[in-house]
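Accompanying notes for the structure given below.
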Amino acid sequence: MESFERRRDRFNLFDGMDSAAVNLCFPLELPDFRPWCKQQGLAPFHVLLCAVLRSVLKIENFRWRLLDGEVFRIDRLRPSFTVVNHHNDLNFAQFAWTDDLREFVTRGIAAREEAGAMTELNATYRTMSAREAKEQVFVTCIPWLAFTSIQHPSISLAHPDIPSFAWGKFRDAGGGRLELPFSVQAHHGFVDGFHIHQLAQQVAAELEAMMA
């Protein structure tokens with residue numbers, strides 16, 4: 001937590017505001033990993049989800065959380081994301097982390113199918129302790145829209161410590177690249193624009209490494 005202590009004064013500044021959230025939406029350029037996914041038989045959404053979550057774990061600012069007024073750093077993530085059920089209502093999918101990409105995708109697809117078959121909200125979330133709930137980032141995908149802004153819901157406007165991510169419709173960017181709208185919301189006491197830039201670069205690097 002030494003790196004957090006260096007910016008505790010920034011944390012105190014933003015945490016004392018009515019809303020401590022920083023929310024950026026921008027076009028994220030990535031290597032076009034879709035042909036590789038097709039060749040490997042892997043679902044592109046789940047591959048990108050893995051790249052994003054691996055990136056979160058590698059950038060410490062996205063791992064800080066608040067609980068009972070104290071700041072701490074999470075050591076692991078519980079992968080989760082939104083799905084649409086058979087009534088076109090939102091639900092939440094969650095599964096256990098694995099470092100193996102193929103197994104990550106398999107677990108993610110199974111979690112999607114399970115949550116998508118539910119009528120009520122996934123009960124898994126109601127059984128989590130407050131500490132376990134902090135081992136998440138909130139992820140949603142809106143593949144039908146090339147959105148230019150988004151407002152994420154937050155449990156607490158004053159303490160939005162669990163980061164939220166959203167991405168939308170892919171488009172070809174030429175030269176073996178693709179572009180998609182990407183949104184990051186985080187506690188400004190933890191995360192600045194520079195750290196969001198780092199995250200964007202890391203996501204691209206993770207995809208490059210997967211395909212190498």
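Quick check: net charge around THR82, other residues with Cβ under 11 Å of its Cβ, Lys/Arg +1 and Asp/Glu -1?
Values: positive: ARG112; negative: ASP89.
With Lys, Arg at +1 and Asp, Glu at -1, the net is 0.
Given only helices, namely DSSP H runs of n ≥ 4 each adding -39500 (n - 2.57), what is the per-residue ellipticity at 222 nm of the chain, to the nearest 500 deg cm²/dmol?
Numbers: 7 runs with 74 residues, N = 212.
The helix contribution divided over the chain gives -10500 deg cm²/dmol.
Report Rg(Cα)/(2.2 N^0.38 Å) for region 23-114, keeping two decimals.
On the way: Rg = 15.2 Å, N = 92, 2.2 N^0.38 = 12.3 Å.
Ratio of Cα Rg to 2.2 N^0.38 Å: 1.24.
To the nearest 10 degrees, how steep is helix 101-116 against the longest Cα principal axis of the chain, on a 0 to 90 scale?
80
So with the 1.4 Å probe, I'd like the accessible area per residue for the chain, rounded to whole Å². Before the final figure, lay out each step's value.
Values: 10660 Å² over 212 residues.
Per residue, the chain has an accessible area of 50 Å².
Name the residue, out of HIS187, HIS195, HIS86, whose mean-square fluctuation peaks in a Gaussian network model built on the chain with Cα pairs under 10 Å.
Most flexible of the set in this elastic network: HIS86.
Per 10 Å bin from zero, what fraction in whole % of the C-alpha pairs of region 79-212 is there, up to the bin with the longest pair?
Cα pair-distance distribution for region 79-212, in percent: 10, 34, 41, 14, 1.
Looking at the chain, send over the antiparallel percent of its DSSP beta bridges, to the nearest 5.
Numbers: 27 of 32 bridges.
The answer is about 85 percent antiparallel.
For the chain, find the longest principal axis of its Cα atoms and tell me its angle to the long axis of helix 44-58, 0 to 90°, nearest 10.
30
Nearest 10 degrees, 0 to 90: what angle lies between the long axis of helix 193-211 and the longest principal axis of the chain (Cα atoms)?
That works out to roughly 30 degrees.
Quick check for me: using +1 on Lys/Arg Cβ and -1 on Asp/Glu Cβ, what's the dipole size of region 1-76 about its Cα centre, in debye to the nearest 20?
On the way: 12 positive and 11 negative charges, 78 e Å.
Its charge dipole is roughly 380 debye.
Given R₀ = 25 Å, what would the calculated FRET efficiency be for ASP100 paired with THR124, taking r from the Cβ atoms and rounding to 0.05?
Details: r = 22 Å, r/R0 = 0.88.
Rounded to the nearest 0.05, the efficiency is 0.70.
Percent of accessible area on the chain owned by carbon and sulfur, 1.4 Å probe? Write down the numbers at each step before the final one.
Numbers: 5570 of 10660 Å².
Accessible surface attributable to carbon and sulfur in the chain totals 52 percent.
Relative contact order for region 98-212: what is it in percent, counting Cα pairs under 8 Å that are at least 6 residues apart?
About 18 percent, as a whole number.
Taking N as the number of residues in region 106-184, what value does Rg over Cα atoms divided by 2.2 N^0.38 Å take?
Cα-based Rg divided by the globular estimate yields 1.35.
Students often get this wrong: which residues of region 106-131 have the backbone nitrogen under 20 Å from the point 7 angstrom along Cα-to-C-beta of HIS86?
Under 20 Å, as judged by backbone N against the label point of HIS86, lie 109-124 of region 106-131.
The values are calculated or read from the model by the stated rules, or taken from the named source; none is laboratory data. Model, not experiment: these values are computed from the prediction. With ideal geometry, Cβ positions are generated from the backbone for all residues, glycine too; neighbour counts draw on all protein chains shown. We work out accessible area using only protein heavy atoms, side chains counted, and drop any ligands, DNA or RNA first. Shrake-Rupley method; radii C 1.70, N 1.55, O 1.52, S 1.80 Å.
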